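**Student:** Starting off with a structure, shown below.
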Amino acid sequence: MAKILKILTIKDSEEEKLLRRKSADVSKEEIKSKEFQDFLDDLILTAEQVLTDEGYTAAGLAAVQVGVSKRIFCILEEGSNKFWIMINPQIKIFNKTQVLGVEGCLSVPNREGRVSRYKKIKVKYLNRDGNIEKKIFTNQEAREVQHEYDHTEGILFIDKIID
């Protein structure tokens, strides 16, 4: 049965060190393990159930945010309440057009800021079965993917805030 995981924050210096570490790739063998599949269920449940002090819900959640330094995240599909998993994501920029938008983060409580993100991206990733998928994202979904991808690189949105 899936369980809710603790979300790391920059309020704790040791947790921030982990959040700022680049995550490792996941092997195909690891993806097939019961422990890994259980972890994915836990990650999604945590993303579905989280509610911040300010009343925000999650648009995405990276594995490193729950203490697992692996290149995995889930994002909320626009227009639904379903999260989907991306493992070992690779992003390709379609064009250099960027859009400013306000972002927040579960690991950076009580802080928002304007961040510039690419408007249209293509992502190649492994799904939870270990199969390669490619998907094009635009607008808010593209922003969410880039935000979560940054987590796998050890980058927080506060590193990119534009005043």
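**Student:** Roughly speaking, what is the stretch gain from residue 80 to residue 9, that is 0.36 nm per residue apart minus the C-alpha to C-alpha distance, in nm to one decimal?
**Tutor:** Value of the extension gain: 22.9 nm.
**Student:** I'm a student and want to see the number: the projected area of the Cα convex hull of segment 3-55, averaged over all directions, in nm².
**Tutor:** Mean shadow area of the hull around the Cα atoms is 4.8 nm².
**Student:** Got a sec to turn the phi values of segment 44-59 into Karplus ³J(HN,Hα) couplings, 6.51 cos²θ - 1.76 cosθ + 1.60 with θ = phi - 60°, whole Hz, x for Gly and Pro?
**Tutor:** Once rounded to whole Hz, the list reads 5, 4, 4, 4, 5, 9, 5, 9, 6, 4, 7, x, 8, 9, 7, 9.
**Student:** Find, to one decimal place in angstroms, the Kirkwood hydrodynamic radius of the chain, where the mean of 1/r is taken over every pair of different Cα atoms and then inverted.
**Tutor:** After inverting the mean inverse Cα-Cα distance, the result is 15.9 Å.
**Student:** For the chain, what does -39500 (n - 2.57) per DSSP helix run (n ≥ 4), summed and divided by total residues, give at 222 nm, in deg cm²/dmol to the nearest 500?
**Tutor:** Result for the chain: -7500 deg cm²/dmol, rounded to the nearest 500.
**Student:** Starting from the Cα of residue 162, move 7 Å in the Cα-to-Cβ direction to define the label point; list residues of segment 75-100 whose amide nitrogen is under 19 Å from there.
**Tutor:** So the set is 93-100.
**Student:** With springs only between Cα atoms under 10 Å apart, run a GNM on the chain and tell me which of 146, 65, 98 wobbles the most.
**Tutor:** Answer for the Gaussian network model of the chain: 98.
**Student:** Please identify every one of the GluC sites (Glu not before Pro) in segment 1-107 that sits in a loop by DSSP and has no more than 14 other beta carbons within 10 Å of its own beta carbon.
**Tutor:** Listed in order of number, the matching sites are 54, 77, 78.
**Student:** Just to be sure I understand the model, the point goes 7 Å from the Cα along the line to the Cβ. What's the resulting residue 124 to residue 153 distance in nm?
**Tutor:** 1.7 nm
A short reminder: the numbers here are calculations on the coordinates, not readings from a lab. This structure is a prediction, so every number in the text was calculated from the model and none was measured. For neighbour counting, all protein chains shown are included, and Cβ atoms are generated from backbone atoms with ideal geometry for every residue, glycine included.
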